[in-house]
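The values are calculated or read from the model by the stated rules, or taken from the named source; none is laboratory data. Being a predicted model, the structure only gives us computed values, none of them experimental. Cβ placement follows ideal geometry from the backbone for every residue including glycine, while neighbour counts extend to all protein chains displayed. Just the protein is used for accessible areas: all its heavy atoms, side chains included, with ligands, DNA and RNA removed. Shrake-Rupley method; radii C 1.70, N 1.55, O 1.52, S 1.80 Å.
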Amino acid sequence: RLLDALSNRVLLDGRRGLFHPDNFSFGDSVYLSEIYATAHAVPGVASAQVVTFQRQGTNDPTFLAAAQLPIGRLEIARLENSLNFPEHGVLRLALSGGK
């Protein structure tokens, strides 16, 4: 359910995943607060911690520290999480069982 909520697809109930293309326009930044809010809204998610938040191909911790991934005015944020097209954005989750 967490992968669905953070996906780029229309969900079974008609809602859009956070990274659905209709949720972003040119120059819209990606904010960690939106990712956390989406994750915490998923039943069964007790907590979430983002440890890497950056543009693909970079190793820049300033985006995580700023809690914002700025997007250029002629760019649209994209996260497809496809094994066939990793250059279209990758999401990796590490899940742990709760009590």
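Please work out which residue is surrounded by the most Cβ atoms within 10 Å (Cβ to Cβ), limiting yourself to the stretch 58-70 and to residues that are outside any helix (DSSP H, G or I) and at pLDDT 95 or above. I'd like the intermediate steps shown before the answer.
We begin by selecting, within the stretch 58-70, every residue outside any helix (DSSP H, G or I); these are 58-61, 67-70.
Next, from what is left, pick out any that are at pLDDT 95 or above: 67-70.
Working: 67: 15, 68: 15, 69: 17, 70: 14.
Here the answer is 69.
Can you go through 96, 82 and tell me which one is open to solvent by less than 60 Å² (accessible area, probe 1.4 Å), of a type in the set (Ser, Thr, Tyr) and under 21 Å from residue 1 (Cβ atoms)? That would be 82, the only listed residue that is open to solvent by less than 60 Å² (accessible area, probe 1.4 Å), of a type in the set (Ser, Thr, Tyr) and under 21 Å from residue 1 (Cβ atoms).
Restricting attention to the stretch 3-34 and to residues that are open to solvent by 30 Å² or more (accessible area, probe 1.4 Å) and in a helix (DSSP H, G or I), the residue that is farthest from residue 86 (Cα to Cα) turns out to be 33. The number of residues in the stretch 38-57 that are of a type in the set (Gly, Ala, Ser) and either farther than 28 Å from residue 97 by Cβ or surrounded by 13 or more Cβ atoms within 10 Å (Cβ to Cβ) (or both) comes to 3. Scanning the stretch 35-57 for residues that are among the aliphatic types (A, V, I, L, M) and in a loop (DSSP other than H, G, I, E, B) yields 41, 42, 45, 46, 48, 50, 51.
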